[in-house]
Every structure is written in C-alpha cells, then in structure tokens.
Amino acid sequence: MAPSATQTLLSPAELSYIHHSLSLSPPIRPDGRSPTEFRPLFAETDILPNTNGSARVCFADGSEAIAGVKAEVERSIARPGLDISADDDGEEERHGENAWVEMSIEIPGHRDDDALPVFLAAMLTEALLADSELKDRLWINRRFHWKLYIDILLLSPPSSYPLPLLSLTTHLSLLSTHLPALISDPADDPLFNDDWHSATPLYPPSSSTPPVTLLVTTIGETILLDPTPEELAVADAVLALSVAAPLPSKAKKGKGNPQARLLAIRTLDPPSRLTPLGTTAGPTEGAPPRTGMAWAPPQGGLKRELLSRVIKAVVAPGGGAEEVLAGLAGVVA
Amino acid sequence: MPLDTSSYSLALLRLDGRRWNELRRIHAQISTQPSADGSSYLEMGNTKVICIVSGPAEGKRGAGAGGGGERDQSNIVVEISVAGFSGVDRKRRRNDRRTTELQHTITQALQATVYTSHYGGSTITISLHVLAQDGALLAACINAATLALIDAGVPMSDYLVACTAGSTTHASASAPQKPVGQQASIPGLSSLSGGGNFEDTDDPLLDLNGLEEQELPFLTVATLGGERDAVVVCLLETRVHAARVEEMLAVGVDGCKRVREILDGVVRVHGRRMVEGG
C-alpha cells in the first residue's frame, strides 16, 4: 500500500473535533472551503527551454514541483512475427509499448529507489498508460519510436500527500510538450525539422488530455475533494482517481456536457489509521470497544454505494475533474 | 577542437557574440519559495539553479559529523540534485563522484564564510536543484547558495561569489612563447598587435558557456567580495600551462567583483520591496 507521508501531530481531542465537524451536513472544513472546492494554486509552463515540455506548480501550502519532459528517438525492438500483417495493409498499425514512457520522481530526503517515489511514479505512469493513445503517438515508424522521459522534482519536503501536486505538474508539462516535426519519408530513418515552431504537440487539441490524479476523502457520508493534511488525518478512506477530459469527438456528438473519462482508481492507506487511540476516561469494563473513546482510528473499507457517489462527484459534468481540467487548460493557453 | 580558436582570433568575438571580458546575463530572485527558510533562483546564461535553505535547525543526532566535537559549530550540509532533463541529453545522475565533489567544495567554502559559531550544534541544509546546465555549474551553485543564505538570514562575513575564467588555446601552442609579463595589458589586443603572428597568443576569457567549457581549459574561482578579494575556492580540472593560470585567476577575480555587484543589487531590490511591502 501507499507509504504514508509525514504525519500531522494532532491530539485525539483535535482529531475528534475535526472528524465531527466534517461529518456534519453540510460539512465544515477547517479552512472554510465547500466540499468540492479546490485550493488555489499557481502554475506556469514552458519554463525550461532545453526540455520538450516543462511546468512548475506551487500549491497554496507552499509545496512546489517542477516537471520536465524529454523525448529521445530510440530504435524499436524488432518483432518479426508482428510485422507481417502490417506490410500487406499498406496502412501500418501504430502500436506503442508501455516501456516507451519512463517516469522518475525526486523527493528531498528520499533516495530515488525508496518506496514513496517508486510507488508514486508507478501510480502516475499507470494513469498515463491507461490512455493508450499516448504511447501510440510515440510511434515514428516500424524501426524507431520516441522515448518519453518525465522527470519530476518535488522542491519542498512532502508536507501532505504529494500525489495531486505531482500529477498536476505532469499534466501541465505533457500539455506543453512538443515533438519535432518529421520531414523524412515515414519509412526512412527519421529526420526532423529543426524549426521548433513547427513542432507538433504531443497532445493535439483533437485528442484527449493527459490524466490528472485527484485525491478524494470520505468521512462518514461526506465526500471531500482536495483534502488537506488535517483532513487526511481523520479520513475514513482515501481514493486516488485518475481522470482525463472527455474526447472532443464525443463532446460534439453528445447533448450537454459529457462526463470526464475515468482512467484509474486506487485506494490509499489513509494516515488516519496510524493516529493514536484516545480515551476520555479509563476504559469501562463491559462497554463496547468503540464507545467512550474520544478518538478511535477508522477501520474497514469503503461501501460500494459511497464509492459510486465519489466517482460521480468527480466525473460528472460540472464536477471536480471538469473544474481542475478547465483551470489547467487555462494555464497552457 | 578548433571551434573557438578559429573564429575568435579574427573578430575577438566568442561563439555567443561576447567579448573576452563579458559576463553572460545573470538573473536572480530571492525568496522564491515562501515555505522555505531561505530560497533563491539564479540564472547564469542558460544555467539555472534553484537553492533552498532550511535551518539553522536542530540536527539529527549521530548524523555524520554532528557528534561531540561539533558542539560549538553548526554543521553545513549541501545536497545537489541534477535534474535528468538539465543537459542536452536526458541523463539519470545518481550520486556520482563529481556531484559529491561539488558538494564538498561548496560545504568547505561556506564553512569559511558563514559564522558557524553562532549556531552551535545546529544544521544548515542547503539543497541545490540544477534545472539546466550550460557551463559554470559550480559557480552558479555557489552564487545561488549565497543568495538563499542571505534570504534565510544566516550571518556571513561577506558575499561568497563565484565565476569561471578560461583561456583560449591553440592546438600547436604547447607553451606560451612570450614571457607572461610582456602579455598585453588588454588581453584581446595581444592577438592583433602580434603582427600576423597569431600562433603564440592565448587570451583569457571570462564566464565560459557550456560549449566553451568542453573545449577550453577553465577554472572556477570564488571570492569573498569587498575590498580584500580573498579567494575561497579555486577549482581547475583541465590541463593548462602553468603560466596561464595567473592570468585566468586575475580575470576570474575581476569577474567575481562584477557578480558581487549584481547579487548585491538583487538583495537590495528585494530588501527595499520588503520594507515597502510592510
């Protein structure tokens, strides 16, 4: 499971207070936001001229990350058995491979083979590859392909769970990524146009967007988007949802706003599991184990009915995903 | 190899159009990260470095040199992380020896500059993130660290500033033909006054970019600004004739003075903004 980030130091009484105010209807969040409201963030793209695409995102709590995308031409591994059918059609099938996208995350105070960076990288890569269009676009011809290296630097120590920050930074850097235009014949060894202005975007407007991974917390029946460390400390369950914008073709056909595409869901081990048990007075004999407690760490999983509500809250038109994706699209434009 | 020397001796202009004594553009910001104790962002030409200082804070017990002998001194820890996308080709750099050596050099230089005795037993952590490399890596790291330490309010004896200086070489010239004293006082002119004899002229160059660094011998020099010009760091990793070093060092120290003025300007602008902003 996800190795939890640094723990917040809250007493059982404080945990109980936060938990109670968040389970009210409507919930009262410590920072006064509404349940589906996101915290403000600062973002910029194309900050590093020697990368194919780059972005920097700062959250309001001071955490900051920089991502750079580099693409290199690589020789594809020959698959003799697979190529026979392609030659007959004339139209070659452009199939990418998962190994063409490589991601590495650097977190201060962690070695790059520690559990946290490796787990986060695996999770973000999983969401990226769930959209198979990306790797197919890296295909140049039968012998060559682009290899995409995504390097993310987390500049601040991981105060809260850094997944959304890293995911938004990756999203923006991929949106700003351009690949040099091919000027040679498709079958030849690739030769590229050296004019950067004619480079083609990795995610053209006609395609979907790169995914963003959002954290959603449930507390009782309440669903909270973009939880703060204090809210994570009392969470019943934490979900990481990877979503991408709806395909433009669908957007035109359908009536009204289409819903965002859900690419991956993961449950995370909430840090609330590690909070200490708090008793008001000494444990009374014969009482059920969870009464008379000021605070008991949440146990158990997530109900299916609640899970479907969580997904709806994020994916539905006008939901959390649409808000985030629209905001990020505004940064690049 | 003759990339630089071929054109330089004709027009006395370098690859990027600078003269021998011109610095690249230096752009710096401090307090870039509100959540850190001290932070800075520095660009020297196309080299870009972010520096974040945390501390002085209580160090971890038993962490390295934080043992009994260091009670009256603070411990300076420098971490350099070179981003995979910083170079021309994407390279994954784990903690290799070159980075370790740079870290050691910066630690030593700062220990001589920071009043470490003010923070006995504490640790000052300086993390440097290299976002783009185009020469003068060590110099940019030192300058960024100085700015971030100033932002963190750590007392130092003066600005520790650094820049690089190199020397043009000719493939044929293994040793300078002229005695050093006779070298023209304006180095660029020596090749013109040589009366067509271009073979024996080597000029010092200030602040090499990445391409020049690959071709020419260069040294990195860091000085404590101010009147004394005390040289704190001098790192020379390439082969160069001993007679060239003095010249290169003089140009480097002179460049440090100008870097100091620029950094001082950045700090003053920031200070004024803080006072006005309340």
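List of remarks:
- Residue in segment B:247-263 that is loosely packed, with under 14 Cβ neighbours inside 10 Å, part of a helix (DSSP H, G or I) and in contact (Cβ under 8 Å) with a residue 24 or more places away in the chain present: no
- Any chance A:Pro227 is outside the structural domain of A:Glu133 (by TED's automatic domain parsing) and assigned to a loop (DSSP other than H, G, I, E, B): yes
- Any chance A:Leu168 is within 24 Å of A:Ala65 (Cβ to Cβ) and either more than 12 Å from chain B (Cβ to nearest Cβ) or within 16 Å of the chain's Cα centre (by Cα) (or both): yes
- Residues in segment A:36-46 that are of a type outside the set (Gly, Ala, Ser) and open to solvent by less than 40 Å² (accessible area, probe 1.4 Å): A:Thr45 alone.
- Test: residue in segment A:77-99 that is at pLDDT 85 or above and crowded, with 16+ Cβ neighbours inside 10 Å: no
- Index of the failed condition, A:Pro108 passing every other in (1) touching a Leu at 6+ places or on another chain (Cβ under 8 Å); (2) within 13 Å of chain B (Cβ to nearest Cβ); (3) crowded, with 18+ Cβ neighbours inside 10 Å; (4) not hydrophobic (A, V, I, L, M, F, W, C): (3)
- Residue list for segment A:117-154, restricted to those being outside any helix (DSSP H, G or I) and either β-branched (Val, Ile, Thr) or under 12 Å from the mean Cα position of the chain (by Cα) (or both): A:Ile140, A:Ile150, A:Ile152
- Pick from segment B:110-126, criterion under 20 Å from B:Tyr41 (Cβ atoms) and open to solvent by less than 20 Å² (accessible area, probe 1.4 Å), ranking: farthest from the other protein chains (Cβ to nearest Cβ): B:Leu110
- In segment B:225-245, the residues that are over 12 Å from the mean Cα position of the chain (by Cα) and open to solvent by less than 30 Å² (accessible area, probe 1.4 Å): B:Gly225, B:Gly226, B:Ala243, B:Arg244
- Pick from segment B:69-92, criterion at pLDDT below 85 and more than 10 Å from every other protein chain (Cβ to nearest Cβ), ranking: surrounded by the most Cβ atoms within 10 Å (Cβ to Cβ): B:Ser74
- Members of segment B:23-38 found to be surrounded by 15 or more Cβ atoms within 10 Å (Cβ to Cβ) and either out of contact with any Ser or Thr (no Cβ under 6 Å at 6 or more places or on another chain) or of a type outside the set (Asp, Glu) (or both), listed by number: B:Leu23, B:Arg24, B:Ile26, B:Ala28, B:Gln29, B:Ile30, B:Ser31, B:Thr32, B:Gln33, B:Ser35, B:Ala36, B:Gly38
The values are calculated or read from the model by the stated rules, or taken from the named source; none is laboratory data. Since the structure is predicted, the reported quantities are computational estimates derived from the model, not experimental observations. Glycine also receives a Cβ, built like all others from the backbone with ideal geometry; neighbour counts cover every protein chain displayed. Surface areas here come from the heavy atoms of the whole protein model, side chains and all, with no ligands, DNA or RNA. Shrake-Rupley method; radii C 1.70, N 1.55, O 1.52, S 1.80 Å.
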